[in-house]
Each structure stands twice: as structure tokens, then as C-alpha cells.
Amino acid sequence: LTLGTALVLGFRSQGPLWLVVLVLVVTTLSVVGIGMMVAAVSRSVVQALVIANFPLGLLMFFSGSMLPMPRVTWFTVAGHPMGPFEALAPTHAVTALNRILTLGAGPGDVAVDVGALVLLTAVYFGGGVALLQRAALLVTHVRLTGTSQRAVAGGLLSATARSASFSSMLPLNASLAW
């Protein structure tokens, strides 16, 4: 939406627009993965809204999208500095988009950033899917056995039920299905 508005208002990208769209789509999938993780550990919509503020704040303020971040280097990989902010997928998206839109970078110039973005997106999205599947197993177990929500939320399932439902990982959302 923002890119479309900018183009309508006369902005001209210095690099290929297909690469910009690719970076934006992959970044969107990474944020969706984080949203799935939040949904999996939330017991209600209100709780999800409260919990989601933490990762949203991290992504906004520590990815370089709101304010420029100082370079913190812990180690290098193939000559590319790595630090704490590189664990956030949008950090790589911001860097790639800056290079593409303003410096005219092509696919080869942003390959490392796009590669890191794809890798982190796979981790975030995969983690979100895994957590939601475990939450669904727990809800199914609760429905089949008639275990109360209070027992599930308090982690009071028997050892047999725990091994069958994976409920030992987190106090998961049994209220999504109710």
C-alpha cells in the first residue's frame, strides 16, 4: 500500500520493483509467523493484543525501520557483520529495501540480506505453525477427554495426558476452540 502510494505520487525506484515486492512479501510472511506464535500462546484476543505489543515494539524500534540503528558487531560471516539486530527479519528487509530503492542495487547486491530474510522467515513461520499445531492438539485432547480448561491452563493434566497432548511446552490456548 505504501509502495503503491509512493509510486502514484511520483517516487521512482532506482532498483527493480520485482525485487522490492519479493522482499516485502517475504517480510510479511515473517511477521505473520510471529503473529501465529503470539496466537498460539494467548488465551484470548485481548491477551494476544497485549502480548503482540512486545514483538511489535522490537521489530519497529530495533530493525532500523523507525530510527537508524548503530552497527553492533559480534562476529562476521563471509565478511558481513552480525549482531543482535540481525536476528530480526525486518532488519534485513530494511537494509535490502534501502539498497534497492535508493542505491539501485540488484539481486546480486542484496543476496545476503534476502537470504538471511528468507532463512529467518522460515524459522519464524515454521515456529508459528509448530506452536499452532501443538495448541490444536491440546484443544483436541481437551475436547476428547473432557478435561476442564482450568486444569489445562493450570498445567494439571496427568502425565499420560501430557505426553499425549504436548501440554508441557507452555500454558497454551485452550480457549480458542470454545
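The values are calculated or read from the model by the stated rules, or taken from the named source; none is laboratory data. As the structure is a prediction and not an experimental result, all values here were calculated from the model. FYI the Cβ positions are ideal-geometry reconstructions off the backbone, even for glycines, and counts take in every protein chain you see. To get the accessible areas, we keep the full protein, side chains included, count just its heavy atoms, and leave off ligands, DNA and RNA. Shrake-Rupley method; radii C 1.70, N 1.55, O 1.52, S 1.80 Å.
Observations
- Sequence of Thr95, Thr140, Thr76, Thr2 when ordered by accessible area, the most exposed leading, probe 1.4 angstrom: Thr2, Thr76, Thr140, Thr95
- Here the accessible area of the range 71-110 is 62 percent carbon and sulfur, with a 1.4 angstrom probe and all protein chains present.
- Of the trypsin sites (Lys or Arg not before Pro) in the range 12-100, the ones in a loop by DSSP (not H, G, I, E or B) with at most 13 other beta carbons within 10 Å are Arg12, Arg71.
- Extension gain, Val25 back to Leu119 (0.36 nm per residue minus Cα-Cα distance, nm): 32.5 nm
- For the range 1-69, the fraction of C-alpha pairs more than 17 angstrom apart is 59%.
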